[in-house]
Amino acid sequence: MAVRSVPAAPPAELEPWQWPEAHWRAVVGQVRAGRPLRPAAWPEGARCAVALSFDSDHETNELRDGGKSIGRMSQGQYGARQGVPRILAILERYGVPASFYVPAVVATLYPEEQRRVVREGHEVAIHGWIHERNSILPAAAERDLQMRAADALEAITGRRPVGIRTPSWDFSPHTLAITREMGLLYDSSLMADVDCYELEMDGQPTGVVELPVEWIRDDAVYFAMNRFSALRPYTPPEGVFDIFRREFDAAYAEGGLFQLTMHPHMIGYRSRIWILEEIIRHARAHAGVWFATHADVARYVKETC
C-alpha cells in the first residue's frame, strides 16, 4: 500500500521560524521539481507545444463538500449540456486534440459524454472520484479513490487513463507515491515551472512527468462566481484572452510548452467560448506549433529528454 511516512511534526510549541533545519528541509523535499524536460525540438521540428485541457467538474464542485444546492448543481449541469458540446465543436473545427480531466462521479453521470470525447480523438484522464480534496483525506482513502477513479474511467471509455490532475490541484504527501504505484505516466497539478519536468520524491527521481499548471492559465480564477461569498468574476473576457495570448507568445518565443486549463461550465458560455477559438486561431497563425494531448506531450518529453 502506497502510504509513505511524512516529516514528523516538531514540538507543538515551536513556530515555523523555530523549526530545526532537518524538519523544514524534509517538508520542502517531499515533492520537488527534478530534471527539466524541455526538448530541443518538438515533433516534426515544431517550435512550441500547445496542450489544451478541460476539467469537466460538472456537479461535483457542489457534491464534494456534501452540498445539495440545486442552483449550483444546475450550473454544473450546464457544463455537460452546453459547455462540452461547444468545446468539442471548436476542437473538431480546427482539428485540435485536447485532454479532459473527469471525476469518476461525473463520468458515471455522463458516460456518453466521455465516450464521445474519446471517439473524437481526445484524452480522458483522472480527476479524482468526486472532486475530493486530497490533502484532507486519510492516505488509504486517497489511494482507494484514485484507483477506483481510474477503474471507472477505463470501464466507461474503454481506455486506461495514463495521467492525473488532482481535484483543485490539491496534492497530499501521499499523492505522488500513489501515482507512481499506479504506473501513471504523468501528473498535471503542480506549478514549479512552465515546461515539463520529472517529479522527485524525497530527493529521488520518480519517472513521473509533470505538465505544470498555473492559476493565471486557468479560467476559473477569472470567471468563478459564488453569490454567498466574496467570489465574483473580476476580469472581462478580453482581459482573460490577453493574458492567455501573452502566455502563448512567451512560450513560443522560448520554444517551450503552452498549457491551458479551462472548465466547461465557465468557458462554455456564449460571451466566453470565443476565447478558446481565438487562442487556437492565434496559435495556428504561428509556424511550427504542435497541438497535443497532455499524454502525448508527456510521452514525447520522456522519450526525448
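Please treat every number below as a calculation from the coordinates, not as lab data. Bear in mind that the values here come from a model prediction, so they are computed numbers and not experimental data. Backbone-built Cβ (ideal geometry, glycine too); neighbour counts: all protein chains shown.
With a sphere of radius 13 Å drawn around the Cβ of P10, what net charge do the other residues whose Cβ falls strictly inside it have (Lys, Arg +1; Asp, Glu -1)?
Working: positive: R25; negative: E13, E15, E21.
Local charge sum for P10: -2.
Going by how many other beta carbons lie within 10 Å of each one, how would you line up W274, W17, W290, W42, fewest first?
Working: W274 16, W17 6, W290 20, W42 23.
Starting with the residue having the fewest Cβ neighbours, the order is W17, W274, W290, W42.
Could you line up Y252, Y234, Y186 from fewest to most neighbouring Cβ atoms inside 10 Å?
Exposure proxy ranking, most exposed first: Y234, Y252, Y186.
If you wrap a convex hull around the Cα atoms of segment 1-89, how much volume per residue is inside, in Å³? Spell out each step's value before the answer.
Values: hull volume 23.8 nm³, N = 89.
Per-residue hull volume (Cα only) is 267 Å³.
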Query - Separation of alpha-carbon centers, segment 121-180 and segment 213-242, rounded to whole Å - result: 25 Å
Report summary line: If amide H atoms are modeled at 1.01 Å from N in the peptide plane, then the residues at a separation of 5 or more from F54, or on another chain, having amide H under 5 Å from its own are S99, F100, Y101, M262
Query raised in the report: What is the P(r) of segment 151-305, as percent of Cα-Cα pairs per 10 Å bin from 0?
Result: 9, 34, 35, 20, 2
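Sort largest first and round to whole Å: the equivalent ellipsoid semi-axes of segment 189-242, each the square root of five times a Cα gyration tensor eigenvalue. Intermediate values should be presented prior to the final figure.
Details: eigenvalues 209, 40, 8 Å².
So the three semi-axes of segment 189-242 are 32, 14, 6 Å.
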Query raised in the report: If you add up the charges near V102, with Lys and Arg at +1 and Asp and Glu at -1, over every other residue whose beta carbon is less than 9 angstrom from its beta carbon, what do you get?
Result: -3
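How high is the FRET efficiency from A140 to I216, r the C-beta distance, R0 22 Å, rounded to 0.05? Can you show the working numbers first?
Values: r = 35 Å, r/R0 = 1.58.
The formula returns an efficiency of 0.05 here.
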Query raised in the report: So what is log10(I(q)/I(0)) for the chain at q = 0.08, 0.10, 0.16 1/Å, when the Debye sum runs over its Cα atoms only?
Result: -0.35, -0.55, -1.39
Query raised in the report: Lys/Arg Cβ at +1, Asp/Glu Cβ at -1, dipole of the chain taken about the Cα centre: which of Q259, A152, P205 is farthest positive-ward?
Result: A152
